[in-house]
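Peer 1: One structure, as C-alpha cells, below. Some questions next.
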Amino acid sequence: MSEQVWVNGALVDAASAVVPVADHGLTVGDGLFETMKVVGGKAFAVSRHLRRLRRSAAGLGLRNVPDDGELRAAIEMTVAANGPEVGRVRLTVTGGPGPAGTTRGEAAPTVLVVCGPRTEWEASAAVATVPWPRNERGVLAGLKTTSYAENVIALSHAHAAGASEALFGNTVGNLCEGTGTNVFVVLDGRLVTPPLAAGCLAGITRELLLEVASA
C-alpha cells in the first residue's frame with residue numbers, strides 16, 4: 001500500500017500530494033506543527049498536543065485553524081490508513097497561500113498530516129553547546145513553529161563537533177533547550193529544568209515528567 005497523507009480534508013497518495021507554491025509555510029515559514037508518538041495504532045497525548053497547537057496558533061495570530069474534532073479525526077484516519085508500522089504522526093498547519101512577501105493572505109490555513117516510522121533513541125548521547133542564543137523575549141519564544149532554520153544550523157554545528165544534539169543558552173546566558181529536546185538535570189537529588197520564561201518550548205514530555213515528578 002502506498003503512503004497516505006492528509007491534505008486539506010482528504011487522504012491522498014503521498015506521491016501525488018501537493019500544496020500551493022505560494023503557501024506561506026513554504027515561502028516564509030509561517031506555520032506550526034506537532035509531532036506525536038503512535039502507540040498501538042493510536043497517537044499519544046493528542047489532547048495535550050492540540051492544546052499546545054492552539055497556543056502556538058494564537059501566538060502566530062493564525063486564524064481559522066480547524067477545530068480539535070476535525071484535527072483529531074484527520075490524525076486518526078491518517079494513522080489508520082498507513083498500517084500498524086506507523087511510529088509517529090506529524091500535524092502541520094500553515095498560513096495557507098498568500099501574496100509574495102510577509103503579508104498573510106485571506107486563504108484558509110493548509111492542514112497536512114504525515115506518518116513516519118518510530119524514532120529509536122540511544123541510551124546516552126553527546127551534546128554540544130552552540131554560540132547562538134535563544135531569544136527568550138522574541139515573538140516566537142515558546143511556540144512550536146515551522147521556522148526551524150536556527151535549529152538546523154545548530155544541529156549541524158553539533159554534528160560537526162561529534163555530538164548528536166545542540167544545547168542553546170538564552171540571551172542572559174542561562175540554559176534553555178536543545179534543538180528538539182527539553183533539558184533536565186539532577187542536582188543534589190533534585191530534578192530541575194529551565195523554566196518556560198527561559199524561552200524553551202513547553203514540551204509535552206517535559207509536561208508529563210513534571211506532573212509525574214511532583215505527584
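Peer 1: Take Asp68, Asp188, Asp30 and sort them by solvent-accessible surface of the protein heavy atoms, 1.4 Å probe, largest at the top.
Peer 2: Greatest to least solvent exposure: Asp188, Asp68, Asp30.
Peer 1: While we're on this one: Computed over the Cα atoms of segment 1-48, what is the ratio Rg over Rh, Rh following Kirkwood?
Peer 2: Over the Cα atoms of segment 1-48, Rg/Rh equals 1.03.
Peer 1: Shifting gears a bit: Keeping all protein chains in place and using 1.4 angstrom, which order do Leu167, Leu209 fall into by accessible surface area, from largest down?
Peer 2: Reading off the accessible areas and sorting them downward yields Leu209, Leu167.
Peer 1: Turning to a different aspect of this structure: Using only the alpha-carbon atoms, what does segment 137-215 span along each of its principal axes? Please give whole angstrom values in decreasing order.
Peer 2: 38, 31, 24
Peer 1: Between Val152 and Leu191, 0.36 nm times their residue separation minus their Cα-Cα distance comes to what?
Peer 2: Full extension from Val152 to Leu191 adds 11.2 nm.
Peer 1: Using Cα pairs closer than 8 Å and at least 6 residues apart in sequence, work out the relative contact order for the chain, in percent.
Peer 2: 20 percent
Peer 1: Next up: Take the alpha carbon gyration tensor of segment 83-131, find the square roots of its eigenvalues, order them as a ≥ b ≥ c, and report rounded if a/c is under 1.5; if not, report prolate when a/b exceeds b/c, else oblate.
Peer 2: oblate
Peer 1: Given a 1.4 Å probe and the protein chains all in place, what does the accessible area of Thr35 round to, in Å² to the nearest 10?
Peer 2: 50 Å²
Peer 1: Let's test the formula: R0 of 30 Å, r as the Cβ-Cβ distance of Lys42 and Val212. What FRET efficiency results, to the nearest 0.05?
Peer 2: Plugging the Cβ-Cβ distance into 1/(1 + (r/R0)^6) gives 0.90.
Peer 1: I've got another one for you. Add -39500 (n - 2.57) for each DSSP H run of 4 or more in the chain, then divide by its residues: what number comes out at 222 nm, to the nearest 500 deg cm²/dmol?
Peer 2: -8000 deg cm²/dmol
Peer 1: On to the next question. Given an 8 Å cut-off on Cα distances and at least 6 residues of separation, report the relative contact order of segment 82-203 as a percent.
Peer 2: 21 percent
Peer 1: Rg and Dmax in Å for segment 121-163, alpha carbons only: what are they?
Peer 2: Gyration radius and largest Cα-Cα distance of segment 121-163: 12.3, 35 Å.
Peer 1: Considering only protein heavy atoms and a probe of 1.4 Å, how much of the accessible area of the chain is carbon and sulfur, as a whole percent?
Peer 2: Carbon and sulfur atoms account for 58 percent of the accessible area of the chain.
Peer 1: So what is log10(I(q)/I(0)) for segment 6-90 at q = 0.10, 0.22, 0.25, 0.26 1/Å, when the Debye sum runs over its Cα atoms only?
Peer 2: Log-scaled intensity ratios, in q order: -0.27, -1.25, -1.40, -1.42.
Peer 1: Moving on to the next point. Could I get the Rg over Rh figure for the chain? Both from C-alpha atoms, Rh via Kirkwood, rounded to two places.
Peer 2: Dividing the radius of gyration by the Kirkwood radius yields 0.97.
Peer 1: Enter the accessible area per residue of the chain (Å², integer; probe 1.4 Å; all protein chains in place).
Peer 2: 56 Å²
Peer 1: For Arg48, Arg118, give me the order by solvent-accessible area with a 1.4 Å probe, most accessible first, ignoring ligands, DNA and RNA.
Peer 2: Sorted by accessible area, descending: Arg118, Arg48.
The values are calculated or read from the model by the stated rules, or taken from the named source; none is laboratory data. None of the values given here were measured: they were computed from a predicted structure. Heads up, the Cβs are rebuilt from the backbone with ideal geometry, glycines too, and the neighbour counts pull from every protein chain shown. Calculation scope for accessible area: heavy atoms of the full protein, side chains included, ligands and nucleic acids excluded. Shrake-Rupley method; radii C 1.70, N 1.55, O 1.52, S 1.80 Å.
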